[in-house]
Amino acid sequence: MPEDQEQKEGEALYKIVQSCFDEPLSIEKDQKTIEIKVSPILVDNLPRIQRRQCLSLVNKNLGDTLARVFGKHWKKEKTEEMRDPGLVYLLLHHDTEFVGFVSIKAVEDNESHVLYIYELQIVKNYRRLGLGTKLLGILDHIVGLVNSDPAYTKEFGKLEGLSLTVFSSNEGAKKLYFSKGYEIASHSPAIRYLRNRKIEPDYFILVKKNF
Ligand SMILES: CC(C)(COP(=O)(O)OP(=O)(O)OC[C@H]1O[C@@H](n2cnc3c(N)ncnc32)[C@H](O)[C@@H]1OP(=O)(O)O)[C@@H](O)C(=O)NCCC(=O)NCCS
């Protein structure tokens, strides 16, 4: 897709996403209900300091795996990827504390027009509280909103579903995605069997199309 088209679709997606986060997300933490504010922002408008905060969280959460799989230059490549035109960021805050982010973009992947989850990253103290589950639910809803927006679909086409990449070693994330209806894509690297040995790829591409 040409870059200016990616940017235009990102702007259209951002407008739809904005309407989903007027209210904060409520979760239970330490037996108290707390509110997580979700701030959507288009990549072009993401201040450098916040992009760095996001990269630093990726590093903290998955830096070791990224370095093992993609080599020592992963950070440079990730920094570039995090500036892809058309990306929409959802920044998560509890009061003023940064607690995670999601980044999404409409892309053509294996000839399918899908909403790709580039990152879903939550700070350690805020995990296992249902935040990932809530965010995935909202992403399902966003696909529905996009597909019922005639102006969007006329210009860019419908979204066929959601897609993402997950490291095969990331058992927690895989459990979450499989429980929410994601499946290994037909074009994903696959498990192979060599004599009696199971060989896992470094990562899987997952898709969710029927919802
Ligand atoms: C993966 C991640 C986004 C999940 O977010 P989360 O808010 O913790 O997920 P939820 O609380 O909604 O979890 C829902 C269910 O998923 C499963 N799950 C999630 N994380 C798990 C883990 N680390 N181990 C085992 N199961 C896990 C559990 O079944 C969980 O339900 P339970 O807590 O009632 O047992 C979060 O752990 C994270 O940011 N990890 C580091 C970055 C990362 O790996 N991102 C994904 C990249 S593809």
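The values are calculated or read from the model by the stated rules, or taken from the named source; none is laboratory data. These figures come from a predicted structure and were not determined experimentally. Using ideal geometry, Cβ is built from the backbone for each residue, glycine included, and neighbour counts are taken over all protein chains shown. Side chains included, ligands, DNA and RNA excluded: accessible areas come from the protein's heavy atoms. Shrake-Rupley method; radii C 1.70, N 1.55, O 1.52, S 1.80 Å.
Scan the chain and note any complete DSSP helix (H) whose C-alpha atoms cover at least 15 Å along its axis and whose Kyte-Doolittle average is 0.0 or more.
Those that clear 15 Å and a mean of 0.0 are 131-147.
A simple count of charges around D140, restricted to other residues whose Cβ falls under 15 Å of its Cβ and scoring Lys, Arg +1 and Asp, Glu -1, yields +3. The share of accessible area on the stretch 3-157 that comes from carbon and sulfur is 45 percent, using a 1.4 angstrom probe.
Remark on K29: its backbone amide H falls under 5 Å from those of I34, a criterion applied only to residues 5 or more positions apart or on other chains, H modelled at 1.01 Å from N. What the stretch 3-157 shows is 53 Å² of accessible area per residue, with the surface traced by a 1.4 Å probe over protein heavy atoms. Legend: residues H93, H187, H141, H113, sorted from most to least accessible area (1.4 Å probe; ligands, DNA and RNA excluded), read H141, H187, H93, H113. Amide hydrogen proximity for Y203: with H placed 1.01 Å from N in the peptide plane, the residues at 5 or more positions away or on another chain lying under 5 Å are S168.
For the chain, adding -39500 (n - 2.57) for each run of n ≥ 4 DSSP H residues and dividing by the number of residues yields -12000 deg cm²/dmol at 222 nm. Take the Cα of E77, step 7 Å toward its Cβ, do the same at K198, and the gap between the two points is 2.6 nm.
Rounded, prolate or oblate, given the Cα gyration tensor of the stretch 85-128, with a/c below 1.5 counting as rounded? Taking the square roots of the gyration eigenvalues as a ≥ b ≥ c, the stretch 85-128 is prolate.
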